[in-house]
Amino acid sequence: MTSDSYASQNAYTNTSNYFNYLDIAAILKAVQVISSEMQVDKLLNVFMQTIMESAGAQKALLLISKDRGWLLDAIASIDECTIHPSLSQEISQQLPISIANYVKNSLNTVVLNNATSQNDFISDPYFLQQHPQSLLCMPILYQSRLMRVLYLENNLTIDTFNHDILKFLHLLCSQAAISLENAHLYQQTQQSEFRFKQVFEKASDATFLLDNQGFIDCNQAALDLFRCIDKEQLCSLHLVQISPEFQPDGQSSYSKANLLIDRTLAKGSNQFEWVHKRLDGTNFWAEVKLTAISDQQNRLIHAVVRDISERKQVTQDLEEFQTKLTSLIDNIPIGVIEWNPDFLVVSWNPAVEKIFGYQAEEILHKYALNIVPESDRVNVFQLMTSLIQQRKANYSLNENITKDGKIITCEWINTPLVDDQGDLMGIYSIVQDVTEKKRSEETIHQKTTELSQALQDIKKAQLQMLQNEKMAALGNLVAGIAHEINNPIGFLTGSLYNAQEYIQELLDYIQLHEQVYADPPPEIIHHKEDIELDFLIQDLPKLLSSMKVAIKRIQDISGSLRSFSRADSAEKIAYNLHEGLESTLLILKYRLQASAVRPEIIVVKEYGELPEVKCFLGQLSQVFMNILANAIDALDIAGQSCRIDGMRAAAPKIVIRTQALNQENLVRISIQDNGPGIPEAIKSKIFDNLFTTKEVGKGTGLGLAIARQIVEETHGGHISCNSVIGEGTEFIIDIPAC
């Protein structure tokens with residue numbers, strides 16, 4: 001329901017000629033006060049008091065629409081008026097929200113002078129709770145823009161808000177809308193001025209306002225910068241009084257300052273560096289920013305002065321450093337190249353000119369691969385790509401090509417230059433021609449290799465000499481023993497055959513005598529019984545046969561000794577390897593016998609059919625001797641360990657296997673023991689020269705090293721070792737067959 005159409009049920013008492021008794025002067029005064037007030041809170045207070053005094057309301061609310069809801073801006077009653085109240089109740093308990101929403105959406109006034117009767121808003125919960133008699137809800141508009149909503153209520157009488165009061169309220173709200181807009185604009189201006197003043201006063205840089213007469217104002221930073229006591233002291237100075245007489249370029253500070261000010265007024269702004277002088281007489285570099293501004297009377301200049309003494313010093317230091325660095329790069333004997341991110345030459349020093357033959361102006365903006373031969377370009381391109389992608393320095397040694405086509409070897413250290421965002425700015429390379437150095441290193445490496453080989457040859461020769469001396473001494477000893485044995489054995493053999501013949505004749509004679517003289521005297525019979533003649537006749541031939549067997553055994557031992565000590569000829573001779581094995585076992589037979597720490601070692605021979613092998617049998621016998629002696633030592637250690645631990649050891653055993661590997665044209669000899677085995681860490685060293693695990697004085701470290709040399713170098717074969725801890729060790733020897 002609008003101010004122009006009232007519901008029929010809202011009849012009201014005739015209150016025409018309202019303005020006849022209303023204090024017109026008071027109304028005009030209220031309008032004047034409202035129009036002149038620039039403070040929003042005071043304006044709202046006067047407005048609400050005037051409403052309560054003149055409109056006949058018991059309660060007045062001023063609402064602001066905000067975020068699809070309502071904010072209570074002011075509330076007034078007969079007794080008091082509160083601006084920006086803080087309510088503990090919901091705003092829906094203060095007025096019918098449906099009416100407020102209608103006014104907001106339609107921008108029409110709603111007047112209910114008999115609110116308890118049927119109306120369009122009777123379903124609002126507020127009517128059921130509060131039972132208002134009269135109410136009015138009016139929009140406060142400024143240029144058709146809703147600023148506030150005024151709500152008035154009277155709970156005692158109907159027809160409170162008649163037509164004349166409505167006119168009065170329209171007049172008052174129209175003026176209030178204008179005044180509110182002006183107050184808001186004034187408030188914004190005040191806030192802007194306050195913010196500008198705060199920015200001006202609290203700026204970290206020295207800030208001034210100047211007119212054509214000099215300084216008007218300054219902030220605290222300006223006082224601190226120029227070391228002044230207060231604004232009055234600084235503003236009383238002329239610009240030239242805070243500057244030296246002349247600037248570094250030789251111009252007068254006075255004339256140059258006037259020129260810069262005129263330029264600022266003409267262009268609107270200006271920025272430059274200036275040398276200022278503090279009141280204590282010290283000079284400092286400053287960055288000055290001038291901005292021309294205008295007020296209603298004068299053209300002013302806003303000046304910002306920043307002390308850049310440290311920056312200028314850093315810049316000066318950087319320039320000096322750059323000069324020194326440039327001089328260093330130009331005079332250093334190492335090549336220095338700067339590339340852009342596309343690997344185009346930006347600069348290179350004289351040392352690079354000497355390396356590649358190009359003058360700097362010839363190679364500038366040329367691609368890096370121009371100094372790389374075709375054969376190496378793929379590799380260098382990959383290095384360049386990796387450097388760009390990974391942003392990490394890299395090292396390379398690659399071939400390059402000089403201006404005259406000469407291929408050289410260069411050492412490169414390439415370092416990317418990256419900014420704070422990780423973007424590539426360029427690349428610096430350090431390069432050296434190491435062609436001669438590389439040749440020298442190759443020569444040294446070759447000489448070192450040759451010396452190492454010579455040293456190995458000397459060691460092998462020394463080892464061979466030791467072996468030869470050892471074998472020669474052993475051979476001489478064994479040969480001497482065999483010779484000394486052979487002489488008496490030869491005599492015994494011949495004498496034994498004669499003795500056997502003589503004894504047989506004597507026995508025949510005794511037998512013939514007993515046949516002829518069957519009844520001998522008692523003395524002969526008694527002597528025959530004493531000497532057991534019948535037993536002697538039977539046993540003496542057996543004794544002679546046993547003596548023959550013993551002599552044959554001694555002859556076999558002598559033969560084995562001669563075979564073991566046989567001096568090898570200059571060339572390999574075909575032999576049966578079983579002969580060498582048997583000779584070695586015969587010599588070591590005494591060590592195979594039972595001892596205090598172990599029982600007798602069982603030797604199992606699994607001999608296959610072997611062809612004769614061209615070899616140096618004496619040397620191979622030494623190999624068999626070394627391996628079998630080590631096997632016996634290992635079994636002795638195992639027996640000793642079991643004895644200490646109180647454990648029963650397995651029967652010590654050595655198995656010797658031989659076989660012909662016809663497809664490989666090899667003869668294989670395997671010597672295996674069931675000793676403690678060899679640890680993996682030691683197994684790889686057992687063939688090394690002078691390596692031994694035996695106690696000092698019990699091993700020289702030469703046995704297996706000599707064995708490998710004899711098998712692999714002398715005979716072109718192979719020797720290897722298989723071992724399992726706790727199970728034993730096996731040596732396998734492969735010798736090429738004839």
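Just so it is clear, none of the values below were taken in a lab; they were calculated from the coordinates. Model, not experiment: these values are computed from the prediction. Here the Cβ is made from the backbone with ideal geometry for all residues, glycine too, and neighbour counts use every protein chain on show.
Miscellaneous remarks
- Ranking of ARG668, ARG148, ARG68 by neighbouring Cβ atoms within 10 Å, starting from the fewest: ARG68, ARG668, ARG148.
- Computed [θ] at 222 nm, deg cm²/dmol, the chain (DSSP H ≥ 4; -39,500 (n - 2.57); rounded to nearest 500): -15500 deg cm²/dmol
- Reciprocal mean inverse distance between Cα atoms of the chain - Kirkwood radius, Å: 42.7
- Length gained when the stretch GLU571-GLN251 is fully extended (0.36 nm per residue, less Cα-Cα span): 104.4 nm
- Separation in nanometres of the label points that stand 7 Å from Cα toward Cβ, at ILE525 and TYR590: 5.4
- Interchain or long-range residues, amide H under 5 Å from LEU364's placed H: none
- Model label zone, HIS513; criterion: amide N under 17 Å from point 7 Å along Cα-to-beta-carbon; scope region 520-543: 520-538, 540
- Legend: calculated FRET efficiency, ASN108 to ASP67, from the Cβ-Cβ distance at R0 = 22 Å, rounded to 0.05, equals 0.45.
- Least to most buried among PHE168, PHE272, PHE356 (fewest other Cβ within 10 Å first): PHE272, PHE168, PHE356
- Residues in region 348-392 that a label on ASP404 would reach, taking backbone N under 13 Å of a point 7 Å out along Cα→Cβ: 354-358
- Segment LEU364-ILE91, extension gain: residue separation times 0.36 nm, minus the distance between their alpha carbons: 90.3 nm
- Restraint check, LYS605/LYS685; LYS267/LYS312; LYS256/LYS312; LYS366/LYS403; LYS366/LYS392, Cα-Cα greater than 18 Å: LYS605/LYS685; LYS267/LYS312; LYS256/LYS312; LYS366/LYS392
- Here the residues ASP280, ASP534, ranked from fewest to most Cβ neighbours within 10 Å of their Cβ, fall in the order ASP280, ASP534.
- Separation of region 419-436 from region 212-241 is 52 Å, based on Cα centroids.
- Relative packing of 57-63, 416-422, 330-336, which averages over residues the other C-beta atoms within 10 Å, highest first: 57-63, 330-336, 416-422
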